[in-house]
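All remarks here apply to the structure that follows.
What follows is calculated from the coordinates using simple rules that are stated; it is not laboratory data. Computed from a predicted model, the values in this text were never measured in an experiment.
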């Protein structure tokens, strides 16, 4: 009888654990749905803003400044990709110790690390992908501009410019990822320190 009662208690304990896990999963799914909606809205407006800049200003710029603007978009994508990788790969423990000593940016670093999935999604997917798309469309404008000023084939120029943009973007991100993994804690600290001047986490 005692053995049966013990087994019954163990089964009840398992059910309680399953219920707790199910409740946590539901809460996580609810937060994820909210985050998906937020990231959708952010992606839309940031993409519109970047596209507006490239479509409005690049055709009016000289060839040199147009290329420089494309370089800025490529560099921006690489930098944010590095930040996303660094936050994901970093260790949270040192920042708790720094936070206890009231080091500037430590609390922000802890907050970023705790939300590494969201930070990675924003940096790598939203900013990174948008910069890739915008730099590609800006490259097409540059290729068309060069074609209008020369006797070169617009199709050939478009292929060359697109290929160069893709090569620099992919190559830059490959190098950036390696640096981000090796220097993840320092990158997270420097980013958090900059953010701390504009944002103070709640205690």
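Tabulated results
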{"item": "Principal axes of segment 116-164: Cα extent on each, largest first, Å", "result": "50, 14, 10"}
{"item": "Cα pair distances exceeding 22 angstrom across segment 69-150, given as percent", "result": "44"}
{"item": "Inter-part distance where segment 43-76 and segment 174-192 are each reduced to a Cα centre, Å", "result": "26"}
{"item": "Shape call, the chain: gyration tensor on alpha carbons, a/c limit 1.5", "result": "prolate"}
{"item": "Ellipticity estimate at 222 nm from DSSP helix runs (n ≥ 4, -39,500 (n - 2.57)) divided over the chain, nearest 500", "result": "-29000 deg cm²/dmol"}
{"item": "Cα shape, segment 110-203, gyration tensor, a/c 1.5 rule", "result": "prolate"}
